[in-house]
Amino acid sequence: MSFSFSLSGGDPTTERLVLRRWSASEIAAVVGDVRLAHWAEDFPAEGDRVIAGVIGGQSGEADEAGEYGHRLIVERASGLTVGSISLLWPPSEGALEVGYGIVASRRGRGYASEATRALVEFGLSSSDVHTVYADVELANPASVRVLEKAGLRRWSEDATTARFRATASDLFQA
């Protein structure tokens, strides 16, 4: 599968997904346990609730990371929100961590890899960033595969955790 993205209104967009910023009303709905019509039936998952609480607590309205921060994963075909993905801003010595989650009803479709690849490329477009990384438990082989398919390279591991990273040269050589 080919992964490429474009920017549509400032949002990374792939063939099947739009990675758009959370709105204040979506943050409030997740935190307040209110369902919105444009969500997949099993959104939000627990990780989405955590992220909404974090970004809602930062400013009450919007993600302080601005254009590079937390995003919802929206399925273009249906318009439904099916997960979330984040670049944990600000960069530390030029490096950003990426984290993601897709609701159970949409897993196995390649959405996590597609969204991760697009957001990693987007993050690497910042002049403040030279590396995007993720740590994953080895007990979670599906997430290991997501990172491999998204073009991140395993650079170290210990008994429980694999560490992946990507630089612009890594992604654009693939």
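Overall, the anisotropy analysis places the stretch 102-174 in the oblate class: the square-rooted eigenvalues a ≥ b ≥ c of its C-alpha gyration tensor yield a/c not less than 1.5, with a/b not exceeding b/c.
Given only helices, namely DSSP H runs of n ≥ 4 each adding -39500 (n - 2.57), what is the per-residue ellipticity at 222 nm of the chain, to the nearest 500 deg cm²/dmol? Can you show the working numbers first?
Values: 5 runs with 51 residues, N = 174.
One gets -8500 deg cm²/dmol as the mean residue ellipticity at 222 nm.
A dipole drawn for the chain from +1 and -1 charges on Cβ atoms has a positive end, and of THR167, THR131, ALA77 the residue lying farthest that way is ALA77. For the stretch 35-160, the spread of Cα positions along the three principal axes, ordered from largest to smallest, is 41, 33, 27 Å.
Compute, for the stretch 6-173, the length of the dipole vector about the Cα centre, with Cβ point charges of +1 (Lys, Arg) and -1 (Asp, Glu) only. Units Debye, rounded to 20. Rounded to the nearest 20 debye, it is 540 debye.
Computed from the coordinates by the stated procedures, all read-outs in this text should not be read as laboratory data. Small disclaimer: the values here were computed from a predicted structure and weren't measured. Please note: Cβ atoms are built from the backbone with ideal geometry, for glycine as well, and neighbour counts cover all protein chains shown.
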